[in-house]
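Structure record follows, encoded as structure tokens.
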Amino acid sequence: MSTAIQALPREERESLGRRLPLWVFRAAALLAGISVFFPPANPGRISEKINASASLFTTGVSYGTITNSMGRILRSQWIQDADIKLLMLACVAVMAGVILCGAGGCMSLGNRKMRRAGLALPLIGAPVMGAGLLLIRRTYDRMLAHGEEVGKLDKLGIMVPDGFWVFCAFAGLLFLTALIAFLSTGKEADPAAKMEMEEKYRLFLMMLPVILLSLVFAYLPIWGWRFAFFDYTPGGSIGADNYVGFKWFSFLFSDPATTKDLLRVLRNTLVMSGLGIATSWLPIAFAILLAEMRSTKFQRFVQTFTTIPNFISWVLVYAIAICIFSTDGFVNSFLTNVMHVSGANTNYLQIADHTWLKMLLWGTWKGVGWSAIIYIAGIAGIDQQLYEAAKVDGANRFRCIWHITIPGLIPTYMVMLLMSIAGILSNGMEQYLVFSNAMNKDVIEVLDLYVYNIGIGQNRISLSTVVGISKSLIGITLLFAANGISKAIRGESII
Amino acid sequence: MRKKEKASVLHIRRTAGDWVFEAAVVVFFCVFTFICVFPFYYLLINTISDNDLVTSGRVNFYPMLKDAEGRAAFGVQLNNYAALRNVQDLGSSVLVTVARTVLGTALMVVTSAWAGYLVTKQKMWKRSFWYRFLVVTMYFNAGLVPWYMNMLMMGLTDNFLAYIIPGMVAPYNIILVKTYIESIPSSLEESAVIDGASTVKVWLRIILPLSVPILATIAIFGAVGNWNSFQDSLLLMNNRPDLYTLQHRLYIYLNSSSNLGAMMSQGGTISEQAAQSMLNQRVIQYTVSMVSIIPILLVYPFMQRYFVKGIMLGAVKG
């Protein structure tokens, strides 16, 4: 923009009474926009038979999703197809209203002319929302009447969902606040004025989609923590009748079987993370030895091939494990054909002995070459004059490594170490999932895998949520502790 | 490198101890490199050898076929790869994986480039708050089950979009792009602004062309991640086997106790006998594995410098 944008007149900036309706309007528009994707706030779920996980958006656009548990009801025409279409239309109308309000909310960040135009939008949008809601109400009446006609009303669970009232409140609030804000924004005196917006708000609006995506996929899951306080079964609902407070938290300690499982899983987790931390110096050794090689071609060769395993998935690592260690794998056929050992047909993958060590070795095989890269670069960054000076003083190779290279790498290592201590409970589940079998499942199950097994495998949503919450909270505490230690020791934070 | 040569002048004279040490280290690295490479090679030769020889464990170090008298001799065949088109469900998972790799990576790169540019803008309203808002998600997550319930709530189960949309905002990549853009001289941008270019235009004409190296780096990391994706498919696609990713499909093959050959439909072109020898579970497992490794092995040598650059940039704190 070549011209600086005129700020709003001073008296208008200062008046809180004028700005309050505007901010309430913006907040309401944002909340309404999010609620569109929020199934519990779906105003269109006027029958219990409509998919409980369908949001307003889904209800408006996906016939298949909302009707997927209606089979018989639709086939027998207990709910008419036309009513569902009407419902979808109504939902689209509500969404159109929300979009108008949202656009108005964005435009209200502009200069006076733009703000007035923006605030005019919800004055149309909110009534459109209202019309959509009335249409939903009309569909409700029609379904009710039709259900009575065919005498199956009890099977249909026709209801007015909470979301209906939520959106009614949104529509009213949006209309009212927008009207007040519109009236208090005087008409632009200068007829030649253009619609413009201050740069800070323009940049923010450009960023807004990214922020919303992050909000929905990284922050909204926290809303799922509520399952920890209810007796939730998949497909069921949560409400006052199955609220259990902290039952599941105490269940972890009061139920002997769960406590035993949890202790076993924690032992596995801590041992495997511990082994990982105990061998976390290996990449440094790898890097130091590699740096001692004179031929840069050899260095590059080794580096290229030892980093490949890092880029294949754990499923492929498992495929390779089968290929090498299974009954008909390389080890057995090598023993048979080359060493002429008879009866070599052990399936090493099925043996539960030394599982922790094996997992460590697979992890090392996959990761050590890659982890070494950062230290190799660290070594390249050490001032060569230090080595020259040391050699002049008669230091040999090992003294140089001990007194120059290693101290040079310690700061990087400390960061890595602190991060791995902070992540001591999260070893990920993929590796352990692919390598687990009936023999080793007791020793291989780590916390992440346990959460998956009880949550997704056994459908114990509430229990696994509790375990997950505890894990997240401990994890964030450890991270802050690690950060604090780092600040205290190195005067630099790691996050 | 030049510095290094200069340094090595100082120890031209190697002692016997040096020789032993260096020889030992060379041997160590050769062995380790061999351990890293051999499994891939072994997998490969198992897929291009005669299947009977593979099942009887005769193929150890080089691909073998049966000669006229039925003895094993060096040779290569590609029938197993041709037979893959008859393996049920493989085609759809390859398509899904390719689609998510291309689309998911492209959208992730565009989003990261856009967000990474915007967060360098000091003028943005509450800039540092929003930046932290994005970055914090790297260190904290609500847990697997709440995440799953959230995806369920969003209608992103049994839905291809689940592979694409949640991955669009990658905070780590945003940090990388931001750090990179901050190293571009701001005078370039300023002069464009003076010439009247809008924010979008500056991004398109100046920032994007200049940040190609970092975008290539995050693209290649993103592509590998998408290609290797397994967990989201496992968790989210319960009722849509046609949307399983390649790794998920391979995981199922690796764990299926039933004969995979039975999963092959009767291909019209393959003779009964030839089909019989292909109905070998292990070999099909190996061949599918090879198919999912090959793209990475092909791309890797050309992209290695980007990978290395990526991890080095990551060492710079965001």
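Please find, within the range A:457-466, the residue that is most open to solvent (accessible area, probe 1.4 Å) out of those that are more than 8 Å from every other protein chain (Cβ to nearest Cβ) and part of a helix (DSSP H, G or I).
Taking the candidates together, the pick is A:GLY457.
Out of curiosity, is A:GLY224 at positive phi and touching a residue at least 60 places away in the same chain (Cβ under 8 Å)?
Answer is no for this residue.
Conditions: (1) without any contact (Cβ under 8 Å) to a residue 60 or more places away in the chain; (2) in a helix (DSSP H, G or I); (3) within 14 Å of chain A (Cβ to nearest Cβ); (4) open to solvent by 30 Å² or more (accessible area, probe 1.4 Å). B:TRP125 meets all but one. Number of the miss?
Only one criterion in (1) without any contact (Cβ under 8 Å) to a residue 60 or more places away in the chain; (2) in a helix (DSSP H, G or I); (3) within 14 Å of chain A (Cβ to nearest Cβ); (4) open to solvent by 30 Å² or more (accessible area, probe 1.4 Å) is unmet by B:TRP125, namely (2).
So, A:LEU183, is that one within 14 Å of chain B (Cβ to nearest Cβ) and either part of a helix (DSSP H, G or I) or open to solvent by 60 Å² or more (accessible area, probe 1.4 Å) (or both) or not?
no
Taking helices (runs of 4 or more DSSP H) that fall entirely within the range B:134-190, which contain at least 1 residues that are out of contact with any strand residue (DSSP E or B) (no Cβ under 7 Å at 6 or more places or on another chain) and over 22 Å from B:PRO241 (Cβ atoms)?
B:144-153, B:171-182
Please verify whether A:SER342 is exposed (fewer than 15 other Cβ atoms within 10 Å of the Cβ) and under 30 Å from A:ILE382 (Cβ atoms), treating the condition exactly as stated.
No: the conditions fail for A:SER342.
Name every residue in the range B:230-247 that is buried (at least 22 other Cβ atoms within 10 Å of the Cβ) and either at the interface with chain A (Cβ under 9 Å from one of its Cβ atoms) or within 14 Å of the chain's Cα centre (by Cα) (or both), in order of residue number.
Passing the criteria: B:PHE230, B:THR245, B:LEU246, B:GLN247.
Filter the range A:427-446 down to residues that are at pLDDT 90 or above and at the interface with chain B (Cβ under 10 Å from one of its Cβ atoms) and give me whichever is farthest from the chain's Cα centre (by Cα).
A:VAL434
If B:LEU53 satisfies all but one of (1) more than 7 Å from chain A (Cβ to nearest Cβ); (2) assigned to a helix (DSSP H, G or I); (3) farther than 16 Å from B:ASN280 by Cβ, what's the number of the condition it fails?
(3)
Tell me which helices (runs of 4 or more DSSP H) are completely within the range A:362-437 and hold 3 or more residues being within 30 Å of B:LEU234 (Cα to Cα) and open to solvent by less than 50 Å² (accessible area, probe 1.4 Å), or say none if there are none. Outline the logic, then answer.
Numbers: elements: A:384-392, A:397-400, A:406-422, A:430-435.
Correct list: A:430-435.
May I ask you to list the residues in the range B:26-44 that are of a type in the set (Val, Ile, Thr) and either surrounded by 21 or more Cβ atoms within 10 Å (Cβ to Cβ) or out of contact with any helix residue (DSSP H, G or I) (no Cβ under 9 Å at 6 or more places or on another chain) (or both)? Lay out the reasoning, then the answer.
The initial filter retains those residues of the range B:26-44 that are of a type in the set (Val, Ile, Thr), namely B:26-27, B:31, B:33, B:35, B:37.
Within the range B:26-44, B:VAL27, B:VAL31 meet the criteria.
So that you can scan it fast, the table gives a plain yes or no per residue for (1) more than 9 Å from chain B (Cβ to nearest Cβ); (2) part of a loop (DSSP other than H, G, I, E, B); (3) of a type in the set (Val, Ile, Thr); (4) open to solvent by 60 Å² or more (accessible area, probe 1.4 Å):
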{"residue": "A:PHE170", "(1), (2), (3), (4)": "yes, no, no, no"}
{"residue": "A:THR177", "(1), (2), (3), (4)": "yes, no, yes, no"}
{"residue": "A:LYS187", "(1), (2), (3), (4)": "yes, yes, no, yes"}
{"residue": "A:LYS194", "(1), (2), (3), (4)": "yes, yes, no, yes"}
{"residue": "A:TRP225", "(1), (2), (3), (4)": "no, no, no, no"}
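Do you know which residues across the range A:295-332 are surrounded by 21 or more Cβ atoms within 10 Å (Cβ to Cβ) and polar (S, T, N, Q)?
If the condition is that a residue be surrounded by 21 or more Cβ atoms within 10 Å (Cβ to Cβ) and polar (S, T, N, Q), then A:GLN303, A:THR306, A:THR307, A:SER313, A:ASN332 are the ones that fit.
Do the conditions hold for A:ILE238, that is, is it closer than 22 Å to B:TYR148 by Cα, within 9 Å of chain B (Cβ to nearest Cβ), surrounded by 15 or more Cβ atoms within 10 Å (Cβ to Cβ) and not charged (D, E, K, R)?
Here the answer is no, as A:ILE238 does not meet what is asked.
Is it true that A:TYR450 is closer than 25 Å to A:ALA321 by Cα and either open to solvent by less than 10 Å² (accessible area, probe 1.4 Å) or not polar (S, T, N, Q) (or both)? Full working, then the answer.
Values: closer than 25 Å to A:ALA321 by Cα: yes; either open to solvent by less than 10 Å² (accessible area, probe 1.4 Å) or not polar (S, T, N, Q) (or both): yes.
In short, yes.
For residues in the range A:311-356 being more than 17 Å from B:SER289 (Cβ to Cβ) and under 33 Å from the mean Cα position of the chain (by Cα), which is nearest to the other protein chains (Cβ to nearest Cβ)?
It comes out as A:THR355.
The values are calculated or read from the model by the stated rules, or taken from the named source; none is laboratory data. Only a predicted model underlies this, so the values are computations on that prediction, with no experimental measurement involved. Reconstructed Cβ throughout: ideal geometry from the backbone, glycine too, with neighbour counts over all protein chains shown. These accessible areas exclude ligands, DNA and RNA; they are computed on the full protein's heavy atoms, side chains included. Shrake-Rupley method; radii C 1.70, N 1.55, O 1.52, S 1.80 Å.
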